[in-house]
1. Tell me, yes or no, whether segment 218-225 has at least one residue that is surrounded by fewer than 22 Cβ atoms within 10 Å (Cβ to Cβ) and closer than 23 Å to THR60 by Cβ.
2. Whether any residue in segment 214-230 is in contact (Cβ under 8 Å) with a residue 60 or more places away in the chain and outside any helix (DSSP H, G or I) is what I want to check.
3. Suppose we filter segment 273-313 for residues that are within 20 Å of THR327 (Cβ to Cβ), open to solvent by 60 Å² or more (accessible area, probe 1.4 Å) and more than 22 Å from the chain's Cα centre (by Cα); how many remain?
4. Residue pairs, Cβ under 8 Å, 6 or more apart or interchain, first in segment 340-354 and under 17 Å from GLY172 (Cα atoms), second of a type in the set (Lys, Arg). List them.
5. For LYS321, indicate whether it is over 25 Å from VAL248 (Cα atoms), in contact (Cβ under 8 Å) with a residue 12 or more places away in the chain and either open to solvent by 40 Å² or more (accessible area, probe 1.4 Å) or in contact with a helix residue (DSSP H, G or I) (Cβ under 7 Å, 6 or more places away or on another chain) (or both).
6. Could you tell me whether ILE95 is in contact (Cβ under 8 Å) with a residue 60 or more places away in the chain, touching a Gly at 6+ places or on another chain (Cβ under 9 Å), more than 28 Å from ALA28 (Cβ to Cβ) and in a strand (DSSP E or B)?
7. Considering only segment 370-382, I want to know if a residue exists there that is of a type in the set (A, V, I, L, M), assigned to a loop (DSSP other than H, G, I, E, B) and either within 27 Å of GLN218 (Cα to Cα) or under 18 Å from the mean Cα position of the chain (by Cα) (or both).
8. Return the residues of segment 122-141 that are outside any strand (DSSP E or B) and of a type in the set (S, T, N, Q); say none if nothing qualifies.
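The values are calculated or read from the model by the stated rules, or taken from the named source; none is laboratory data. Note that the structure is a prediction, hence the values are computed from the model and not measured. No Cβ is skipped: glycine too gets one built from the backbone with ideal geometry, and neighbour counts run over all protein chains shown. The area values use the complete protein model at the heavy-atom level, side chains included, leaving out ligands, DNA and RNA. Shrake-Rupley method; radii C 1.70, N 1.55, O 1.52, S 1.80 Å.
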Amino acid sequence: MKNTIITLFAFMVSLCCMADPITFDCSARDGQKYYLTADVPDGNYKVTVVLGSKKHAGSTTVRGESRRLFIENVVTKKKENRTITFTINKRNTHISDKEDVRIKPRERSKFNWDDQLTLEVTGDYSTVQQVTIEPNQEATTVFLCGNSTVVDQDEEPWASWGQMITRWMDDGVSIANYAESGETASTFIGAGRLKKALTQMKKGDYIFMEFGHNDQKQKFAGAGAYYNFATALKTFVDEARSKGAYPVFVTPTQRRSFKDGKIQETHADYPEAMQWVAERENVPLIDLHAMTRTFFETMGEEGSKRAFVHYPANTYPGQDKALADNTHFNPYGAYEIAKCIIEGLRTAAPELIKHVRNEYVPFDPAHPDNVDTFHWVDSEKVDIVKPDGN
């Protein structure tokens, strides 16, 4: 549980009614790593962070809930102040008096599925003066539906694009990541995840769907890209539009499967089926399948390992064997793929582009950021167990 992490100091406050903003005074915590935890109802919350210290220079990172990145290595000089705002989504499993989302046992310890809003203050040397939390009912919510390539991964060294795209959105957009490792389009619906999202969804919101990795493994009567999979995608579209929300399809990320320097197709006809449904239902589509092929081939067969969870033994506590996962990303890989999604917004959801932060630099997967200059401050939570799915 989050409040039993003994290596971090945590503040906790109850905000059940949330009538007024709440402000945390963090000025005495320079250089520390800690959590701020508040009991709040489901919804979107604007967070205002005042960075800086009268005594120290700093480099501060702020993440929220299950390691969603919001403030990245922001440097402040001694006596310099800087204020940054963002909007974060909080939810629990409750759908109605008679129904809850059927989360997996492994999810029960996740920060995403509880009654608390959690912020993680970290960095090379954190300098936060104060943090203010207040409801934000005006923000556009972008609901993310998908599998382990999308989900907010709680522990190092795993990461997915859904928890990195938050870095680039201003406080007018809230990313609500409902994805979970191992899910297919149909099991996602069956677990009540879509139903829960619909209870929070309003007119003008968006819902992004990236599936295919696990769907292709389903073996039962009616399974298949153009049968069960296509039907489930149509369900997402119909339900979202009934709420006045905008559906967007995202084709699945490529696996790291090389032959003669080229990525091999491993998703059968599932990406094509998603494109087929998109055309039939007039749904915008981000072709992440194509962009990640370019990204991995640019890095090369050996170099692309640095975008995935490939680490020699003893890199992390309790890791007595090498990690060599060709499906799941590390923070660098997830960060770059989130930028692919941002580029896809230009045609798939241009209204959201207006909410991309000014410091974002246009990205080309054929010219990725230098992995050697990517700086990620690890969270305290580590798990060497591979996420569900492949």
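1. No: segment 218-225 contains no residue that is surrounded by fewer than 22 Cβ atoms within 10 Å (Cβ to Cβ) and closer than 23 Å to THR60 by Cβ.
2. Within segment 214-230, one or more residues are in contact (Cβ under 8 Å) with a residue 60 or more places away in the chain and outside any helix (DSSP H, G or I).
3. 4
4. Filtered contacts from segment 340-354: ILE353/ARG346.
5. Numbers: over 25 Å from VAL248 (Cα atoms): yes; in contact (Cβ under 8 Å) with a residue 12 or more places away in the chain: no; either open to solvent by 40 Å² or more (accessible area, probe 1.4 Å) or in contact with a helix residue (DSSP H, G or I) (Cβ under 7 Å, 6 or more places away or on another chain) (or both): yes.
Judged against the criteria, LYS321 is not a match.
6. yes
7. yes
8. Looking only at segment 122-141, we keep the residues that are outside any strand (DSSP E or B), and these are 126-127, 136-139.
SER126, THR127, ASN136, GLN137 - these are the residues of segment 122-141 that are outside any strand (DSSP E or B) and of a type in the set (S, T, N, Q).
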